[in-house]
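Written below as structure tokens is the structure these notes are about.
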């Protein structure tokens, strides 16, 4: 073949049509780099916000800057950037927004807990809740790094569907073991050994349950979605197919009855119900689930005194009898007063009185932030949660495999439902349940669980982008 012929040959002049040409390959190479650079810029901005929050707390409450906490905060930021660096090597295509959002929420929580420590004069050593929160945040970040490095493909978790289910049940039973379980504020959901720090295994159990629900429904979605009888335009399942939802409902009721934990029982049942709806697309499952939940709530309110008390505090918190009763509505009322005192723009960090509300650093940290940051600050925080959940749902629905879809949706929804239950309880939209606000509230087990969720969502998003569909 002559040189002229070679210049006109189709072999050398026709560009490849399979998306693997030089331009496409160059774009595919640059995309992960842009994602990680965007994440790096957002992380730097997040750390500046957290540092500014701590400085404002110190200036508002102390009148000067204490560099000790800033040093610990810098060490925590180093772990965040360590997770970012790990993702540059093993999760290059992961979502760039999830990590910065979690970092901001975690940092704002530490700043507010530190502010309440100042008000309570608990600023020394392990007695300081802020110090414990920083230590637990470091442990939680290490867990997220381990998830990113150890779980190279989320589909591996599908093999351990039933192991995850049995593990979740075992963790839920641990607080009932004599000598191991501990009762805190009427709820028996904690475990502890001697004088060591307590831990709430139910927080980790929700992740195991999300894995189990996703794996189980992938295996059985055909039966659960296509078989049944139509009533009023909706296809309802057969009686023999009601087993899964009845088992989870019974498990949730057992948590409410034996562990006195209304919020966790609601969280587990809501997580299963939404995952079931996403898997089958049948509204009838939602109707059945709501009917079971309402029936269980009515029975619990009539037969369990602590549930009845919380509903009474919710319906009529300003009643003198409820306000003065042991475990009454005093906390609810103080939280509402704190939110009202904050108004639109808040009193300013370090200049309010959030410590007047019981357990203001955990159950009522939203009220504490609302008092000092105002309605504007609370809306900004809720917007961060909304963006976090939206990214999680987007990750789930962008994937091609059903297991990843259900797992990502379940994990994202568990955060959304937990925020809704907590904020609803603080603002009197719902009865108070005692759940912790993800990333913000004081509590090591909650931090560890939610940072593991961050790691799993990042891993799923990286796998989704690496699928052939994501490259088109």
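The values are calculated or read from the model by the stated rules, or taken from the named source; none is laboratory data. Computed from a predicted structure; not experimentally measured. For neighbour counting, all protein chains shown are included, and Cβ atoms are generated from backbone atoms with ideal geometry for every residue, glycine included.
Restricted to region 444-457, and to residues there that are over 13 Å from residue 415 (Cβ atoms) and surrounded by fewer than 24 Cβ atoms within 10 Å (Cβ to Cβ), the residue that is modelled with the lowest pLDDT is 444.
To keep it simple, each residue is scored yes or no on (1) at pLDDT 90 or above; (2) within 25 Å of the chain's Cα centre (by Cα).
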| position | (1), (2) |
| --- | --- |
| 343 | yes, no |
| 350 | yes, no |
| 353 | yes, no |
| 359 | no, yes |
| 365 | yes, yes |
| 371 | yes, yes |
| 376 | yes, yes |
| 381 | yes, yes |
| 384 | yes, yes |
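Can you pull out the residues in region 216-230 that are surrounded by fewer than 17 Cβ atoms within 10 Å (Cβ to Cβ), assigned to a helix (DSSP H, G or I) and modelled with pLDDT under 70? 226 - this is the single residue of region 216-230 that is surrounded by fewer than 17 Cβ atoms within 10 Å (Cβ to Cβ), assigned to a helix (DSSP H, G or I) and modelled with pLDDT under 70. Yes or no: residue 120 surrounded by fewer than 21 Cβ atoms within 10 Å (Cβ to Cβ) and in contact (Cβ under 8 Å) with a residue 24 or more places away in the chain? Yes, satisfied.
Test residue 301 against the stated conditions and say whether it is touching a strand residue (DSSP E or B) at 6+ places or on another chain (Cβ under 9 Å) and surrounded by 15 or more Cβ atoms within 10 Å (Cβ to Cβ). The answer is no for residue 301.
Scanning region 278-296 for residues that are surrounded by fewer than 18 Cβ atoms within 10 Å (Cβ to Cβ) and part of a helix (DSSP H, G or I) yields 283, 286, 287, 290, 291, 294, 295. Count, please, the residues in region 349-380 that happen to be assigned to a helix (DSSP H, G or I) and surrounded by 24 or more Cβ atoms within 10 Å (Cβ to Cβ). Here the count works out to 9.
Yes/no matrix, rows are residues, columns are (1) modelled with pLDDT under 95; (2) buried (at least 18 other Cβ atoms within 10 Å of the Cβ); (3) in a strand (DSSP E or B); (4) out of contact with any strand residue (DSSP E or B) (no Cβ under 7 Å at 6 or more places or on another chain):
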site	(1), (2), (3), (4)
103	no, yes, no, yes
133	yes, yes, no, yes
156	yes, no, no, yes
166	yes, no, no, yes
169	yes, no, no, yes
175	yes, yes, no, no
182	yes, no, yes, no
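Scanning region 408-456 for residues that are closer than 17 Å to residue 112 by Cβ and part of a helix (DSSP H, G or I) turns up 419, 422, 423, 426, 444, 446, 447, 450.
Evaluate region 398-415: report whether one residue or more is more than 26 Å from the chain's Cα centre (by Cα) and either within 30 Å of residue 455 (Cβ to Cβ) or crowded, with 24+ Cβ neighbours inside 10 Å (or both). There is no residue in region 398-415 that is more than 26 Å from the chain's Cα centre (by Cα) and either within 30 Å of residue 455 (Cβ to Cβ) or crowded, with 24+ Cβ neighbours inside 10 Å (or both). When residue 95 is tested against the conditions (1) more than 13 Å from residue 454 (Cβ to Cβ); (2) part of a loop (DSSP other than H, G, I, E, B), the lone failure is (1). The listed residues are 71, 29, and the only one of them that is within 16 Å of residue 138 (Cα to Cα), in a helix (DSSP H, G or I), out of contact with any helix residue (DSSP H, G or I) (no Cβ under 8 Å at 6 or more places or on another chain) and at pLDDT below 95 turns out to be 71. Residue under question is residue 422, and the condition is that it be crowded, with 24+ Cβ neighbours inside 10 Å, more than 26 Å from residue 130 (Cβ to Cβ) and in contact with a helix residue (DSSP H, G or I) (Cβ under 8 Å, 6 or more places away or on another chain); does it hold? Answer is no for this residue. On the given criteria, is residue 318 closer than 29 Å to residue 61 by Cβ and either under 24 Å from the mean Cα position of the chain (by Cα) or surrounded by fewer than 21 Cβ atoms within 10 Å (Cβ to Cβ) (or both)? Taking the combined requirement at face value, the residue does not satisfy it. Residue check: is residue 403 under 19 Å from residue 268 (Cα atoms), in contact (Cβ under 8 Å) with a residue 12 or more places away in the chain and part of a helix (DSSP H, G or I)? Yes: the conditions hold for residue 403.
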